Amino acid sequence: MNKKELSASLAGDVSLGGEISVHRLGFGAMRLTGEGIWGPPKDRKAALAVLRRAVELDINFIDTADSYGPYISEELIAEAVFPYPAGLVVATKGGWNRSGPNQWTHDATPAHLRKAVEGSLKRLRLDRIDVYQLHIPDPVVSFEASVETFRIPPYRLRRPWKRWRSFETRARFA
């Protein structure tokens, strides 16, 4: 097979917020971590190779979150792919705390989300995050308060953001 036959570009493109175009076939990095989405992977070299191969196959959208590992998925992405090729969008999320394998608790407070964004910027070695997502609304924090966190003008943050995008909430609110 030639490179064109193995390209994610064959899936077509989709627009995110009318500003960012990515291939419909992306890579979800949640399962790069250990069991229960906790800790490092059993085979770190293999996880890094999977990320590099995804980019070789023209994947230009990688989805992760600070809670995957926690932090492990973001760290692996930066280790494997940084410096990022032109056109690669690394999307991340916040709004969960982790206390152990398969354990997730809501935390979409403005203070937590600001800390999550700053941590993601550092771990991913980015100066901006093009797509930042809220995992899910927090039952004890208003959705408006969570989203308002991202409307703070860039000059009030330690690092500038060029774009605010996608406050994605999963359909399974439960």
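Inside segment 118-142, residues that are hydrophobic (A, V, I, L, M, F, W, C) and out of contact with any Leu (no Cβ under 8 Å at 6 or more places or on another chain) make up a count of 6.
Only a single criterion out of (1) without any contact (Cβ under 8 Å) to a residue 12 or more places away in the chain; (2) assigned to a helix (DSSP H, G or I) is not satisfied by Ala78, namely (1).
Condition check for Thr33 on (1) closer than 22 Å to Val14 by Cβ; (2) touching a residue at least 12 places away in the same chain (Cβ under 8 Å): one failure, at (1).
If you scan segment 131-153, which residues turn out to be surrounded by 13 or more Cβ atoms within 10 Å (Cβ to Cβ) and at pLDDT below 85? Selection gives Val147, Thr149, Phe150, Ile152.
The values are calculated or read from the model by the stated rules, or taken from the named source; none is laboratory data. Here the structure is a predicted model, which means the values were calculated and not measured. Every residue, glycine among them, receives a Cβ derived from its backbone with ideal geometry; neighbour counts consider all protein chains shown.
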